[in-house]
Structures are given as C-alpha cells and as structure tokens.
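*Asks:* Pasting a structure here, questions to come.
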Amino acid sequence: MKKIFILIISFILFFSACTKDISRFNVETKNAATVPAGPLFTNAVRNLSDALASANVNVNIFRHFVKYWAQAVIEEEAQYDYTTRAINDNWWRVMYKDVLNDLQGSALIISKDATLSPGNKSNQLAMVDIMQVYTFDILIKTFGDIPYSEALNAKILFPKYDDAQTVYYDLLKRLGEDITNLNPSAGGFSSTEDIIYHGDVSKWIAFANSLKLRMAMTLADVDDSTAKTDFEQANSGAINAEDENAFIQYYSSPPNTNPLYNQLVLANRTDFIAAKDLIDVLKELHDPRLPGYFGTNDVGEYVGGVVGVPSNYPGMSKPSARVAAPDAPNMLIDLVEVEFLRAEAKERGYNIPGTAEEHYDKAIEYSILEWGGTDAEAEAYLKQPLVAYSTALGDWKQKIGLQKWIALYNRPFEAWTEMRRLDHPQLPLAVNAVSGFPNRFRYPTSEQQLNNANYIKAVAKMGGDETEKKLFWDIY
C-alpha cells in the first residue's frame, strides 16, 4: 500500500511539474462568455417588478405604510421598523444592482451591436432608458438625493450624491428624448425579451408618456410651470385604453410566479392580514372591489386588524386568492392611474380635454372593472354621496386622494407616494410606531460605511437623514 501511495504522489508531482501554464483553469467553461442585451433587459424588468410586487418583509413593507395590510403576529415592520432587517439597504441594492446595473449593461451591448438596424437600436436604447428613468424615479421618491451622475460607473467607487430636484429635471428630459426616439415602424426587443409589451413599440410610447404624466405631477407643488408644460405635452400620447396598460404577467408555474404567491401560498405564512383602515372604508362605501382585495375570515365576515397590534389570524380577513394567484399580474402604470392624474390636472388648471369629474369617474369605473366588478356596480358606486365628485367630502385633493388610495391597492409604492403628495387619506399612525409617518427611507448602512464622505455631505445638504424628513416635492 505504501508503494502504491508513493507512486501516486510521484505521478501527481511529475505532471504538475510539466504544467507550465495553469491560466487555462481560469477559463469559464459552463457559463456564457457574454450576456446578450435582451436577457439583461428582461432580467432587470423582472427584478423591478418582483420588488414592487413583493410582500417580503426584508424588501417591501409599503403595504403597512399605507395601511393596506396589517400583521397578525410580528409587528416591527407594521410599526415602520425598516432598519432592523435592513430593508432600506435591500431596496437600494435591488434598484441599483439588480435593476439599473443590468439596464446599463444592456445599453452598452446594444450600443456596440453592429448587427442592429439604426431604428431597432434606437428603440431598444429608448426602452432601456425608460426603465432606467422609472427606477431612478423610485429611488428619488424613496431616499431623496441619490448617486446619479457618477452612479453605474465601475471606475468610480465612491459616487457623489446629486440634488434630487436637479436629477428629476434631467430624468424628464431623458424621457422626452426617449419618446421622440421611439419609432413604431422599427422593431424593438423580441416578444419574449420585452415582458411588458412583447415587442409593441407603439405601446412603449404610451407607457413613456404616462410615466411623464406621473413625474410631471410629482413636481406640481414645487414647479407648477414645468409640471403643466410637461403634462400637457404628454397627455395625448399617454395611455387611453386598457390594452395599453403596462404590466408584467406572471405564470402559473415556477419559477416565474407572482411573488405574492410564493410568499403567501408556498411559504404558508400566517401573518399578513387586511388592515382595518382599508376594510372599514370598503365596507362603508359598499365597494364592489372588496372581494377582489380580500377574503373573509373564518366565519365569513370581512374584518381587518389594527396596524401595529397583534390579532387573531383566523378571525381576520386575508389577501384574496386573486391577489395571491401564481399568475396574477403586477401593474407598473395603467389607465386608472392616468385618469386620476388627468382629474388632478384639470383641478390645477392644465389645458387638457374633459372635466375633473369625468376623469375621476372613469378612473373609478376602470378600477372596479379591473377587479371583477360590473358596469352596474360601478354606476351604483359612483352615485353614492360619499363617492360622487360633486358631493364627496373635502376639496379635490381629499376626493381624489381617497379614491386613488383605494384604487392603488396592491401597488403600495405608488400609494405611498400619492399619500405623501396629496396628503390624503389622513390615517392615524400605526400603534407603537417607531417613528412618525415615513416620508422617506434613511440611507443604507452600507453607504454610511463604504461611501461615508459623500453620505455625510448628502445628509448635511438635506438637513438630516430622518424618516420623517420630507422630500423636495412633498412641501405640504
């Protein structure tokens, strides 16, 4: 045995000594040498959608901020604690690394691809840029000043933070150029790579114009002149039919299922329940969307829990089977949101067709139909004194704010933005909240540790890194 062992060692040493170049072991033999632009684009859009749709308590707890959902057992996230689980770090990482970085990589490959026709290349680059604008918009509405001009540059390890309002103007400019550059007669990404519109460039034009409406209205309280100009320019080209809605359609089988299916059904989580705030409003208004939003409790009743207080899980309503379906879509922007924006634009005196009441009614009607209601139910709902535009309580911000909050259910990030922007509905804080109402996320701990000098400058400029600190567009 000893002789055999010595022989084996000698054999290994002999051939090791003969190996002059071991660099061949660095050659990747299983993974692709290069990644095509299309799959990078697809992956970025999928990562963005997953984050927005998710209820993972390590990534997305906005449903608690806006009081759509409560939690039956674990209350930290419902009480606005987003730092213990580093949710702010994770949100930042997803947006920069998993979305923007892939989009940037896709754009670089497209730019160098000599096989693409000029029209196809222009369309693909515009689509990538639209999604970058969409993502930077989310980051600004979450944190405030962010790395932008020096972000996504591998040669700059410590990017500076740019002024959020200045960045916002640049994003709107980029979006306008993207709209101009999109050509419906030229191709874009393939139908499988484009998981939003499956290669229909004309619908990307509607999407970009609708995003421009959203972003223009974000500026309305701080720069109404710019908001008015951009809104009026984009309005006619924005979404005008339901088949132009921008959404990601998930599949009925893994691994491309709706994140809520994974988190509510497959994980068998017995914690997420309806919030009393939303349930009570839906019941009071006899809202036909109630069964689309939630299921009943163990005795067949609709009951919501108090956000921040432990509840008896069987006795509470839970997110509906429709919301948790494996193939449930995730909406990025739709006709419902656009019609609410148009109603607001009319109240602000912008020059667009229709009246505020007409757009308000259309938004509600489309929302009810989208959630399985009928035309008759929508008509009856709109006739109620507490819903009808002429008799609903409060000024236009209160009327639109309440109904938009209801309609944006299952789109909690946008609901959070609109609650901050319109200041309605005015809901009480979660019980035992760790802070005031979250107007922003604090910057990630990773930024404090790894990009400290720029972090300190950003915090000093913004006047603090507090949760309650209002962002530049949220002045009321």
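*Asks:* Working from Cα positions, state the angle (0 to 90°, nearest 10) between the long axis of helix 164-181 and the longest principal axis of the chain.
*Replies:* 80 degrees
*Asks:* Still on this structure, I have one more. Quick check for me: using +1 on Lys/Arg Cβ and -1 on Asp/Glu Cβ, what's the dipole size of the chain about its Cα centre, in debye to the nearest 20?
*Replies:* 1900 debye
*Asks:* Return the calculated 222 nm mean residue ellipticity for the chain, to the nearest 500 deg cm²/dmol, obtained by summing -39500 (n - 2.57) across DSSP H runs with n ≥ 4 and dividing by the residue count.
*Replies:* -14500 deg cm²/dmol
*Asks:* Counting only residues 5 or more places away or on other chains, whose amide H sits under 5 Å from the amide H of Phe294 once H atoms are built in the peptide plane?
*Replies:* Distant-sequence amide H within range of Phe294: Ser320.
*Asks:* In addition: Roughly how big is segment 333-403's charge dipole about its Cα centre, with Cβ charges of +1 (Lys, Arg) and -1 (Asp, Glu), in debye to the nearest 20?
*Replies:* Here segment 333-403 has a charge dipole of around 320 debye.
*Asks:* With a cut-off of at most 11 other beta carbons within 10 Å, and DSSP calling the residue loop, which chymotrypsin sites (Phe, Trp or Tyr not before Pro) in segment 201-286 qualify? Please list them.
*Replies:* The qualifying sites are Tyr251.
*Asks:* Sorted by packing (mean other beta-carbon atoms within 10 Å per residue), highest first, where do 338-346, 87-95 land?
*Replies:* 338-346, 87-95
*Asks:* Could you size up the charge dipole of segment 301-452 around its Cα centre, putting +1 on the beta carbon of Lys and Arg and -1 on that of Asp and Glu, and report it in debye to the nearest 20?
*Replies:* Its charge dipole is roughly 600 debye.
*Asks:* Rounded, prolate or oblate, given the Cα gyration tensor of segment 332-433, with a/c below 1.5 counting as rounded?
*Replies:* rounded
*Asks:* Please state the shape class of segment 351-394: rounded when a/c is under 1.5, otherwise prolate if a/b exceeds b/c and oblate if not, all from the C-alpha gyration tensor.
*Replies:* oblate
*Asks:* I'd like the distance between the alpha-carbon centres of segment 243-312 and segment 418-468, rounded to an integer number of Å.
*Replies:* Answer, in whole Å: 27.
*Asks:* I would also like to ask the following. Pick the calculated Rg/Rh (Cα atoms, Kirkwood Rh) for this structure from (1) 0.98; (2) 1.04; (3) 1.02?
*Replies:* Matching the structure shown: (2).
*Asks:* Compute the acute angle (0 to 90°) between the alpha-carbon long axis of helix 101-112 and the principal axis of greatest extent of the alpha-carbon atoms of the chain; round to the nearest 10°.
*Replies:* Taking Cα atoms only, the helix is inclined about 70 degrees.
*Asks:* When the chain is fully extended, how far beyond the present Cα-Cα distance does Ser117 get from Gln384, taking 0.36 nm per residue of separation?
*Replies:* Taking Ser117 through Gln384 to full extension adds about 90.6 nm, to one decimal.
*Asks:* Work out how much length Thr180 to Asp423 would gain on full extension: take 0.36 nm times their residue separation and subtract the Cα-Cα distance, in nm to one decimal.
*Replies:* Length difference between fully extended and current span is 84.1 nm.
*Asks:* Cα centroid distance between segment 46-81 and segment 137-198, in Å?
*Replies:* 25 Å
*Asks:* Right, something else. Taking Cα atoms, how many degrees apart are the long axis of helix 118-143 and the longest axis of the chain, rounded to 10 and kept between 0 and 90?
*Replies:* 70 degrees
Throughout, read-outs are computed from the coordinates displayed, never taken from laboratory work. Bear in mind that the values here come from a model prediction, so they are computed numbers and not experimental data. Positions of Cβ are backbone-derived with ideal geometry, glycine not excepted, and every protein chain shown enters the neighbour counts.
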